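Written below as structure tokens is the structure these notes are about.
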Amino acid sequence: MNEQIAVVVKNVFDIDVEVTLTRPEPQFGDYATNVALQISKQLSQNPRDIAAQIAEQLQSTEDFTEVSVAGPGFINIRLSNEALLAQLHKKQTLHYDGKVVVAEYSDPNPFKVLHAGHLYTTIVGDSISRLIAAAGGDVHRVNFGGDVGLHVAKNMWAILRYLDGENPGALSTVEGGVHEQSSWLSARYVEGNTAYEEDAIAKAEIISINQKIYALHANDDRDSPFAQIYWTCRQWSYDYFDIFYQELAVVPFEKYYPESQTAPIGVETVKRELENGVYEVSNDAVVFKGEPYGLHTRVFINSGGLPTYETKDVGVIMKKWQDYTFDLSLIITGSDIVEYMKVVQKSIEQFEPELVKRSRHLTHGNLKLVGGEKMSSRKGNVLLALDVLEAAKEAQETMSGTPDQEVMLGAVKYAFIKTKIGGDIIYNPEESVSLHGNSGPYLQYSHARAHRILEKSQSEIAIPTMLFDEDRALISKLGEYQEIIDVAVRLLEPHHICTYLFELAQEFNRYYEKNFVIGNDKEAHRVDLVALYADTLKAGLTILGINAPEKM
């Protein structure tokens, strides 16, 4: 349809234009375009007069039953029944067909607990990855986290104090499963960080332990008492991550890039490019000066010779390129590292511009519970991922009286995804689990309700081939699905799907309130509509990572 209008504009005004279509309120038509306003300045004509000329030409198009001009020059278009039904058969545009995409998100650090930010990034990253896969992309989900660095040294310092020295056998006194082990490690981190900030002697010891951890990896030490403690506790973290992702019902990660693996390739790269003038030495450290690019200076190798986070990020993009030769490297993180990433990528751009060109950094804000405030893992008052899930579980049990993991997860995921990625999220557990309003459980219930209708009918199900007046609004909304998916894929914004599914459910409810399905002389036709509606709901929810139950 865009092309049809563009051809008319070309024929009448000899102008090439990209036509944008929107969906107006149903009483105005099925589509609207502001193309006349777009080209009015170029033509130096009244946009309403331009619109009238375009509308006159479009009137002869057999797919359009009505073309009218409104306001300052908007063109409203009403489709024929045949054209409206044809939209139900539209194929999805495979924007990523054959493209290799590495999606990096979640990024938890071993030796630290998963906080609410990890929960949010994981859910949004999973949904965006599903979007890309649905658009034909070959998606590789990867994780990147710090198993070396000062935070690990702080943790190991506190662990050694708890064990009364390098005594790996004493780890057996840590009781419980992976969740308890993770909480124990988190508590040790708080102790180590407090000591680092308040005790000069402890700080010196932690710095020494940091060197020891890097040496452990360089020497592939697995046997010393110190190494046994380190590797055991690191594995506790990985076990915890795996179980968490399983409980969250997200697509499993294909690969985990620990910083101990990316640091060496990062150091090698930074030292090589130091000789080429990309980086330079300042106060015995290796830095990249971002000021010439409107950025700031950051340290890549510190004065002690150890790589910083920046160098590890250089290493991870080089490692991803080696492993996947990607068309797109997608990185999803909190917005607090936007300026940091700009410097890292600007430095890489000096010697591997193609890798930066193929990279995209998506950021999100902070996640808070209603009435909560931003917290800090360094102080131990972090909002844990499990805290958020537990709040949702309690709210769901209070509402229904019966715990339901699928409904709880649907509530949390939908609550996170329905807001455009970028800003802060204020999570309200009670609102998220409601069966009324714009929530995941409402859509899950809507899907189950449609299946209850289908169970009562003996009619064979097929794609609708006819349209009655009462069907028009619902069929129009159903035909919009591929358009919405196309928008969500192009922008990598799954919240568009949430908005659409909620509007679709509302449209179906209006239809169902006025039109009996079972026992009606149009039952076979209406059952086809119900089935298509249920399938569309399920398809959209699946991209969001939300289960569509047939019973609730």
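Per-structure values
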{"read-out": "Qualifying residue in the stretch 301-310 (condition: surrounded by 18 or more Cβ atoms within 10 Å (Cβ to Cβ), hydroxyl-bearing (S, T, Y) and without any contact (Cβ under 8 Å) to a residue 40 or more places away in the chain)", "value": "yes"}
{"read-out": "Qualifying positions in the stretch 253-280 - out of contact with any strand residue (DSSP E or B) (no Cβ under 6 Å at 6 or more places or on another chain) and closer than 17 Å to N109 by Cα", "value": "P258, E259, S260, Q261, T262"}
{"read-out": "Residue within the stretch 138-149 that is farther than 30 Å from P252 by Cβ and charged (D, E, K, R) present", "value": "no"}
{"read-out": "Candidates V17, V9 - the one that is outside any loop (DSSP other than H, G, I, E, B), surrounded by 13 or more Cβ atoms within 10 Å (Cβ to Cβ) and either within 37 Å of the chain's Cα centre (by Cα) or not charged (D, E, K, R) (or both)", "value": "V9"}
{"read-out": "Of the criteria (1) part of a helix (DSSP H, G or I); (2) closer than 24 Å to N509 by Cβ, which one L435 fails", "value": "(1)"}
{"read-out": "Failed item, numbered, when K342 is tested on (1) crowded, with 17+ Cβ neighbours inside 10 Å; (2) touching a helix residue (DSSP H, G or I) at 6+ places or on another chain (Cβ under 8 Å); (3) not hydroxyl-bearing (S, T, Y)", "value": "(2)"}
{"read-out": "One residue from T499, T542, T536 being polar (S, T, N, Q) and either in contact with a Phe, Trp or Tyr (Cβ under 7 Å, 6 or more places away or on another chain) or not in a helix (DSSP H, G or I) (or both)", "value": "T536"}
{"read-out": "Filtered residues of the stretch 129-173 (kept if of a type in the set (D, E) and out of contact with any Phe, Trp or Tyr (no Cβ under 9 Å at 6 or more places or on another chain))", "value": "D164"}
{"read-out": "Qualifying positions in the stretch 338-371 - hydrophobic (A, V, I, L, M, F, W, C) and modelled with pLDDT of 95 or more", "value": "V338, M341, V343, V344, I348, F351, L355, V356, L362"}
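The values are calculated or read from the model by the stated rules, or taken from the named source; none is laboratory data. Small disclaimer: the values here were computed from a predicted structure and weren't measured. Quick reminder, even Gly has a Cβ in these numbers, built from the backbone with ideal geometry, and neighbours come from all protein chains shown.
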